[in-house]
Amino acid sequence: MKPISFLLTAALALSCSKSGTYVLVTVDSGTSFTLTSLNAIVSNSGQSASVTVKTGASFTIPPMQSFTLQIGSERSGDLTVEVHAIGSSGEVAQAKGTIALVPGGQATLALQLTPEISDMTTSDQSAADMGAAIQFAPAVGYQAFGAEYVAIADLRNDAKKDLMVGSFNDVGPTVLLGNGDGTFQAATTVNDASGPISIVAADFNGDGKPDLAVANVGAGVVSVHLGNGDGTFGMPSQLNVGSPGSLVTADFNGDLKPDLVTTDSGANKVNVFIGVGDGTFKAAVGYGTDLAPRAVVAADLNGDGKVDLVTANNGAGSMSVLMGNGDGTFVGAANRSLGVAPLHLVAARLDGDAAIDLAFVGGDFVSVLLGKGDGTFQAPINISAADSRSIAVGDIDGDQKPDLVTASFGNNQVDVLLGKGDGAFAAPIDIPAGSNPAFVAVGDLNGDGKPDLAVADHGSGEVAILINTTFK
């Protein structure tokens, strides 16, 4: 019997479109053979597509470097599958295989593109716009004596980005001072309590020098370290919390003095500390949330100039929205189910309008909720992103559209989801990032105007630095 062929084409050189970049599966219209089903499983993202295919029909799957086809047919025969990835300069990768069809059953064929899609480049900007080629230099690891959390800040006011690293250790957070070229000095430890799991930097006493606030989950306190201006810090003063986790600083009462809020997962609440302006804070005021809040963000959700709060509640699989009154107090939480157990979230404008949007991670999904501008949100849009523990936002490919980056713990990688500018995102692109990435931060680490990545690697206790080489 004559083999039946169909073609998979990765349309990498298309101009930017709302539908994104896809692999197109088309059954050869010249055959009279009928397939009863064709299921395409993208191996390295967990995404799948399923359709009943007849002669001349087609469907799409995201472009990936490897995937598996499961094909059902009415009768036996050999099916030859060709995969061609096309860029603006012509074909950039291909794969081919032959499968023996099983009448009334499912036959499976695994294919690997050569070279890998992650290595493809084209000469025009449209490929970058469509996510065909984002590039990072290989990860460089810096020992941090344990790494569960990382944040980027300028701790010396020298325009060079430094790193603040948290972990579950008993010696305090670590600081890695930046050299300004994407490299860092050896880590130094800031004397503190146990379990420094979240860190923020701000000028808490008004002397023009960055200070630190650290949420210590092991000790149940938030510590405040006043900065010396050279990347070193004084001994801490402590604020009692309970079970502190995610820590955020913002001005909640409009007095131009930084305040603090931290989750308290054990008590199902957030604790708000109003800053006095001299490095001290008023006693905590707690606001109830849904079960086990793991992360919190601060943003103006309804455009009234007042800072609001949103928590990611891992225990309830929900989010809580607390609208700010502008005086440092908040109204009671409005809880909303997400359908996933969130671990982290970001707030940003993801679809080009003025409203703040949200993106959560938990398990194998990113959930995007587009804001309505009044403190409420549209239904979640879920995107597969395996074993995601944290999420960050930045324009990774330089197309002026916000992208998302997640830390994929079990896969030893970060996933980049390129934004289309309308709140939709392409399938994840995998970037190796060390051992068990637990947290990712985005910032320009070498001063070239491109957002780079700093990744806290739980497995090695290091911070992995990935320098962005995507665009010029």
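Taking the stretch 350-392, which residues are under 25 Å from PRO437 (Cβ atoms), among the charged types (D, E, K, R) and either crowded, with 18+ Cβ neighbours inside 10 Å or modelled with pLDDT of 95 or more (or both)?
Step one: filter the stretch 350-392 for residues under 25 Å from PRO437 (Cβ atoms), giving 350, 357-369, 380-392.
Those left that are additionally among the charged types (D, E, K, R): 357, 364, 387, 389.
Those that are under 25 Å from PRO437 (Cβ atoms), among the charged types (D, E, K, R) and either crowded, with 18+ Cβ neighbours inside 10 Å or modelled with pLDDT of 95 or more (or both): ASP357, ASP387, ARG389.
Once the stretch 281-292 is narrowed to residues that are touching a residue at least 12 places away in the same chain (Cβ under 8 Å) and assigned to a loop (DSSP other than H, G, I, E, B), the residue that is farthest from PRO342 (Cα to Cα) is ALA284. Residue count for the stretch 409-463 satisfying the condition of being farther than 28 Å from ASP154 by Cβ and among the aliphatic types (A, V, I, L, M): 4.
Tally up the residues in the stretch 196-209 that are surrounded by 22 or more Cβ atoms within 10 Å (Cβ to Cβ) and part of a loop (DSSP other than H, G, I, E, B), please. Of the residues in the stretch 196-209, 1 are surrounded by 22 or more Cβ atoms within 10 Å (Cβ to Cβ) and part of a loop (DSSP other than H, G, I, E, B).
Among residues that are touching a residue at least 60 places away in the same chain (Cβ under 8 Å), under 25 Å from the mean Cα position of the chain (by Cα), assigned to a strand (DSSP E or B) and within 17 Å of TYR149 (Cβ to Cβ), VAL165 is included. Going through (1) touching a Pro at 6+ places or on another chain (Cβ under 6 Å); (2) at pLDDT below 95 one by one, ALA426 falls short only on (1). Within the stretch 273-296, does at least one residue satisfy the condition of being touching a Ser or Thr at 6+ places or on another chain (Cβ under 8 Å) and more than 18 Å from GLY245 (Cα to Cα)? For the stretch 273-296, residues touching a Ser or Thr at 6+ places or on another chain (Cβ under 8 Å) and more than 18 Å from GLY245 (Cα to Cα): present.
If ALA438 satisfies all but one of (1) among the aliphatic types (A, V, I, L, M); (2) out of contact with any Leu (no Cβ under 9 Å at 6 or more places or on another chain); (3) within 25 Å of GLN400 (Cα to Cα), what's the number of the condition it fails? Against the list (1) among the aliphatic types (A, V, I, L, M); (2) out of contact with any Leu (no Cβ under 9 Å at 6 or more places or on another chain); (3) within 25 Å of GLN400 (Cα to Cα), ALA438 comes up short only on (3).
Only residues that are more than 21 Å from ASP353 (Cβ to Cβ) and open to solvent by 10 Å² or more (accessible area, probe 1.4 Å) were counted across the stretch 393-415, and they come to 6.
The values are calculated or read from the model by the stated rules, or taken from the named source; none is laboratory data. Values in this document were obtained by computation on a predicted structure and should not be read as measured data. Note that we place each Cβ from the backbone using ideal geometry, even for glycine, and neighbour counts take in every protein chain shown. Remember, those area values only see protein heavy atoms, side chains included, never the ligands or the DNA or RNA. Shrake-Rupley method; radii C 1.70, N 1.55, O 1.52, S 1.80 Å.
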